[in-house]
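**Student:** Handing you this structure, nothing more for now.
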Amino acid sequence: MPIFNSREFEWADVKVVLFGREITGLRGLTYKKSIEKELIYGAGSNPRAVQRGNKKCEGTLTILKSEFDELNTAALAAGYDDIVDIPGHLISIVCTFSNNDKIQVNKLTHVEFTDYEDGMKQGDKFKEIALPFICLNINKA
């Protein structure tokens with residue numbers, strides 16, 4: 001009788017590699033792929049078709065401030081002002097989900113971080129930085 005694995009992926013299963021190293025200060029990662037769609041109307045009030053347009057891939061990588069500082073140090077050493085200045089052809093994000101039986105790998109290619117915001121508020125126990133990004137593609141392996 002085959003064994004049925006009903007275990008879902010969980011946060012402990014997520015591994016993210018950036019610049020060839022695992023991001024251990026990872027606090028969150030979201031990404032999505034979308035396509036512009038518009039209803040096309042003719043006579044009457046009902047749409048006749050759906051027209052497709054540009055595709056877009058974007059997301060946010062949230063990391064601890066110490067991890068952010070290390071990434072910026074690497075950017076400076078490579079001759080860039082900071083992580084936002086690094087061109088996309090140098091950045092890919094590889095995200096691996098594993099729950100013993102199943103492994104899913106998503107590779108986000110040509111990633112460009114668009115901005116970052118720094119700050120803290122009263123009562124914070126640690127500092128995290130959200131790095132919004134755009135990318136050329138999300139490949140699921």
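Every read-out reported here was derived from the displayed coordinates using simple, explicitly stated rules and does not represent laboratory data. This structure is a prediction, so every number in the text was calculated from the model and none was measured. Quick reminder, even Gly has a Cβ in these numbers, built from the backbone with ideal geometry, and neighbours come from all protein chains shown.
**Student:** With contacts defined as alpha carbon pairs under 8 Å and 6 or more residues apart, what's the relative contact order of the range 11-140 in percent?
**Tutor:** 27
**Student:** Moving on. For the residues L71, L136, what sequence is obtained by ranking on other C-beta atoms within 10 Å, fewest first? Let's see the in-between values first.
**Tutor:** Values: L71 23, L136 14.
Ascending Cβ contact count within 10 Å gives the list L136, L71.
**Student:** Still on this model: Measure nothing but the geometry: give the 0 to 90° angle between the long axis through the Cα atoms of 65-77 and the longest principal axis through the Cα atoms of the chain, rounded to 10°.
**Tutor:** 90
**Student:** Principal axes first, then extents: for the Cα atoms of the range 60-113, list largest minus smallest coordinate on each axis, whole Å, largest first.
**Tutor:** Extents along the principal axes: 42, 24, 18 Å.
**Student:** Scan the chain and report its longest stretch carrying no trypsin sites (Lys or Arg not before Pro) that are both in a DSSP loop and have at most 15 other Cβ atoms within 10 Å.
**Tutor:** Numbers: sites that count: R7, K102, K121, K125, K127.
So the longest stretch without any such site is 8-101.
**Student:** Further question on the same structure: Which values, in whole Å and largest first, are the semi-axes of the equivalent ellipsoid of the chain obtained as the square root of 5 times each eigenvalue of the Cα gyration tensor?
**Tutor:** Values: eigenvalues 205, 123, 53 Å².
Taking √(5λ) for each Cα gyration eigenvalue gives 32, 25, 16 Å.
**Student:** The range 45-141: which GluC sites (Glu not before Pro) are DSSP loop and have at most 13 other beta-carbon atoms within 10 angstrom?
**Tutor:** Numbers: sites: E58, E67, E70, E112, E117, E128; in loops: E117.
Loop-located and lightly packed - E117.
**Student:** Same structure again: Calculated from DSSP H runs of 4 or more alone, at -39500 (n - 2.57) each and per residue, what is the 222 nm mean residue ellipticity of the chain, nearest 500? Don't skip to the end; give the middle numbers.
**Tutor:** Details: 1 runs with 13 residues, N = 141.
So the helix-based figure for the chain works out to -3000 deg cm²/dmol.
**Student:** About the Cα centre of the range 11-140, what is the dipole size in debye to 20, counting +1 per Lys and Arg Cβ and -1 per Asp and Glu Cβ, all else neutral? Write out the running numbers ahead of the final one.
**Tutor:** Details: 17 positive and 18 negative charges, 170 e Å.
In total the dipole reaches around 820 debye.
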